[in-house]
Amino acid sequence: MQDMIEQPNEENGESTGRPPLVLVRPGIGPAARAEARGPSAPLASPPLPRSAKALSVCIFLVGLAVVAFYARQLPHSGLVGLVLLGLMAAASERLSIIAYREAWVSISFVCLFAIAALYGPAGIAVATPLAVLSLHFPRRMLPYRLMFNSGNSVLADVSSAVILISVIGDKSEIAISAKVVLAALAAAAANYGVRAVLVSSVTGFATRQAPWTVWREQGQWLFPHYVVFGFLGLALAVAYQQIGVTGLLAFAAPPLMMRLAMKQYVDQTTRSVAILKRKNEQLHKANREILAMTERLKETYDATLEALAAALDARDSETGGHSSRVTVYTMDMARELGVTENSDEWLDIERASLLHDVGKIGVSDAILNKPGPLTSEEWQQMRKHPAIGYEMLKDVKFLSTAADIVYSHHERYDGKGYPTGLKGEDAPLGARIFAVADAFDAMTSNRPYRRALAVDKACEEITSNSGTQFDPSVVEAFLHCLPEWSAGLRERVAA
């Protein structure tokens with residue numbers, strides 16, 4: 001379990017020291033990664049909050065009181081095992097493995113658990129703080145970090161020792177029994193629980209996260225490791241009692257082999273993880289580039305359509321800006337009718353509005369700009385422009401649906417429109433919306449054969465043709481939108 005809080009050196013912004021006496025220590029984001037790079041890696045962490053500092057001090061003071069209470073109970077003889085196991089704990093912590101630059105993996109818990117079983121709270125109260133200090137020496141250590149590490153380790157290890165000694169007692173030999181095994185399980189669980197609560201609380205204060213969240217993300221997975229290493233610590237204590245120093249040396253071989261195997265596994269998987277991370281970063285980069293390219297293509301499409309619409313409007317000086325105005329009216333009414341902005345339907349209606357008159361490329365200028373009424377033959381030519389526009393757009397993939405709206409934009413709600421006489425909702429919604437917008441803009445714009453109508457008069461024409469020429473629901477949406485357009489419309493009509 002993580003045994004420390006990681007913060008920058010207050011003098012030079014460096015992170016120093018190593019985590020003490022832990023089985024596995026997950027890192028805290030950038031700080032842990034900086035420590036994994038070495039003691040001199042610069043760190044950009046924010047200052048430790050006062051709440052975390054205060055809690056660290058409290059934990060240290062409680063741990064100090066526990067040490068003062070139990071240390072005086074330590075006997076003055078028979079401490080060879082305590083010294084040897086303490087040295088083994090420090091050495092094994094020096095052999096800690098950095099796992100994926102996010103965690104320190106150590107087997108020192110085995111030795112400390114054995115001390116707890118053999119020497120009880122008195123032995124562990126002396127061994128733990130000395131081990132903490134030896135692990136940090138000669139590195140400089142932030143005071144709050146050192147205080148937290150010391151207090152946390154003492155409280156966790158002493159809790160294990162109290163449980164073990166309450167079952168084992170002061171017997172010269174530890175007899176393995178179900179009761180002792182259960183005590184070892186409880187002691188390992190207590191050690192884990194104390195560390196989980198304290199570390200999650202301080203880390204929560206330091207990172208402004210809920211302790212429960214910190215525990216789930218960084219400490220939940222550690223419990224089985226504490227149980228296994230607790231049993232190994234109990235076995236180590238028994239080996240020392242039965243065989244002495246030879247037992248310690250013989251028992252050190254399996255953990256060292258575990259450490260070697262773990263190191264080889266971590267090294268191999270670290271390389272694999274690094275490769276996967278690089279590939280993942282490359283995929284993210286490629287995805288960002290594709291999204292950016294897609295956005296640029298969309299902008300290019302839209303700009304091209306607007307330029308084409310402007311070119312079509314430029315053929316007739318009397319209808320300049322018609323396509324852009326009709327598009328504004330159409331999209332406002334589409335929004336009022338519940339069409340989702342930037343959806344496929346929205347984009348199709350918008351593009352069709354801009355390109356509704358693209359088929360007039362096939363109509364002569366003489367007909368388009370004729371100052372008087374058109375003859376029947378000229379109307380036949382004019383009425384071909386929806387079909388011409390459809391044929392121009394239908395094979396362009398991103399305009400194929402818009403082409404259907406262009407084809408139907410002169411249909412009527414009563415079925416008397418052209419080119420196919422679609423009735424009611426048989427015509428696309430975009431075409432029914434556009435029919436109102438186009439008629440309204442035509443009435444409020446100057447034409448070669450008449451002056452623009454007043455806004456109120458144009459509104460009356462729209463409403464009087466609701467249900468015949470126009471879809472009633474679209475007319476209702478038109479009336480809701482009209483107040484937003486009125487000021488600009490009156491200025492343009494007056495001009």
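The values are calculated or read from the model by the stated rules, or taken from the named source; none is laboratory data. Quantities reported herein were computed from a predicted structural model and do not represent experimental measurements. We place every Cβ from the backbone using ideal geometry, glycine too, and count neighbours over all the protein chains shown.
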Exercise for review: Determine if the range 461-469 includes at least one residue that is under 19 Å from TRP379 (Cα atoms), in contact (Cβ under 8 Å) with a residue 24 or more places away in the chain and buried (at least 19 other Cβ atoms within 10 Å of the Cβ).
Suggested key: yes
Practice item. Check ILE98 against each of (1) in a helix (DSSP H, G or I); (2) among the hydrophobic types (A, V, I, L, M, F, W, C); (3) at pLDDT below 80 and name the one condition it does not meet. Key: (1)
Exercise for review: For VAL238, indicate whether it is modelled with pLDDT of 80 or more and surrounded by fewer than 18 Cβ atoms within 10 Å (Cβ to Cβ).
Suggested key: no
**Study point:** ALA68 vs. criteria among the small types (Gly, Ala, Ser), at pLDDT 85 or above and touching a Phe, Trp or Tyr at 6+ places or on another chain (Cβ under 9 Å)
**Key:** no
Study note, to complete from the structure: Checked HIS322, HIS385 against criteria (within 21 Å of ARG450 (Cα to Cα) and crowded, with 17+ Cβ neighbours inside 10 Å); the one match is HIS322
Practice item. Assess whether GLY86 counts as being over 28 Å from GLN242 (Cα atoms) and either modelled with pLDDT of 80 or more or crowded, with 21+ Cβ neighbours inside 10 Å (or both). Key: no
Check your understanding: With TYR449, TYR413, TYR390 as the choices, which residue is modelled with pLDDT under 95 and under 21 Å from LEU354 (Cβ atoms)?
Key -> TYR390
Practice item. Inspect all residues belonging to the range 409-416 and state whether any of them is within 28 Å of THR463 (Cα to Cα), assigned by TED's automatic domain parsing to the domain that holds LYS457 and in contact with a strand residue (DSSP E or B) (Cβ under 9 Å, 6 or more places away or on another chain). Key: yes
Check your understanding: Can you tell which of VAL214, VAL167 is surrounded by 14 or more Cβ atoms within 10 Å (Cβ to Cβ) and over 18 Å from ASN149 (Cα atoms)?
Key -> VAL167
Review point. Out of (1) closer than 19 Å to ALA161 by Cα; (2) within 39 Å of the chain's Cα centre (by Cα); (3) among the aliphatic types (A, V, I, L, M), what's the single condition that is false for LEU84?
Key: (2)
Check your understanding: Any residue at all in the range 106-127 that is among the aromatic types (Phe, Trp, Tyr), under 42 Å from the mean Cα position of the chain (by Cα) and modelled with pLDDT under 80?
Key -> no
Study note, to complete from the structure: Within the range 365-390, residues being touching a helix residue (DSSP H, G or I) at 6+ places or on another chain (Cβ under 8 Å) and under 23 Å from ILE433 (Cα atoms) number 8
